[in-house]
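The values are calculated or read from the model by the stated rules, or taken from the named source; none is laboratory data. Keep in mind that what you see is a predicted model, and the values were worked out from it rather than measured. Glycine also receives a Cβ, built like all others from the backbone with ideal geometry; neighbour counts cover every protein chain displayed. These accessible areas exclude ligands, DNA and RNA; they are computed on the full protein's heavy atoms, side chains included. Shrake-Rupley method; radii C 1.70, N 1.55, O 1.52, S 1.80 Å.
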Amino acid sequence: MSAAKVEIVKRAIDAFNRRDVGALDDLTTSDFEWFPALPNTLEGEGYRGYRGREGIEAYFDDIRSTWERLRVLGDEFRNLGDCVLMFGRAEGRGTGSGVPVDAPFGMVCDFRGGKMSRVRTYFDHGEALRAAGLED
């Protein structure tokens, strides 16, 4: 199952980059939780994230209204048993500002029953490491 989990994360990144709700929903549990880096950074501790298929749809709507272009590129994947840790970068361009973004990006994908049950993303690889229970 270890290679399968990494493959699921890669497929999820592809679905995210295409904004394919159905493809991403197929890879997640019905109670899936998604905690994206930017809203989490801005809203802090009280941030509740996005939940389920409706949450995926809402997050993609938020992206479309904020970003002219946004994609995630995965460079390194580590299977940690119950989760997969990904290091890469996010690149995009803001809709209003037109400012380009190219930032480090880390993602911790938790699994249950062969599907992703929670995704937490970070603009700092060290934060992603710590969230996965590892040291810098």
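Relative contact order of the chain: 23 percent, from C-alpha pairs under 8 Å at least 6 residues apart in sequence.
Normalised by 2.2 N^0.38 Å, where N is the number of residues, the C-alpha radius of gyration of the chain stands at 0.98.
Under 11 Å from the Cβ of Trp67, count the other residues' Cβ atoms, weight Lys and Arg +1, Asp and Glu -1, and hand me the total. Provide the component values of the computation, followed by the final result.
Values: positive: Arg19, Arg64, Arg69, Arg71, Arg93; negative: Asp62, Glu68, Glu91.
Overall, the nearby charge balance is +2.
Amide H contacts of Arg69 (H built 1.01 Å from N, in plane; Pro and chain starts excluded): Arg93 sit under 5 Å, all sequence-distant by 5 or more or on other chains.
Taking the centroid of alpha carbons for each part, region 47-67 and region 77-136 are 16 Å apart. Pairwise inverse Cα distances across region 69-119, averaged and inverted, put the Kirkwood hydrodynamic radius at 12.2 Å. Peptides 72-79, 92-99, ordered by how many other C-beta atoms sit within 10 Å of their residues on average, highest first, read 72-79, 92-99. Computed about the Cα centre, the dipole magnitude for the chain is approximately 280 debye when only Lys and Arg (+1) and Asp and Glu (-1) carry charge, each at its Cβ.
Per-residue Karplus couplings for region 116-130, computed as 6.51 cos²θ - 1.76 cosθ + 1.60 with θ equal to phi - 60°, are listed in order as 6, 10, 7, 10, 10, 10, 9, 8, 9, 4, x, 4, 4, 4, 5 Hz, Gly and Pro entered as x. What region 1-123 shows is 51 Å² of accessible area per residue, with the surface traced by a 1.4 Å probe over protein heavy atoms.
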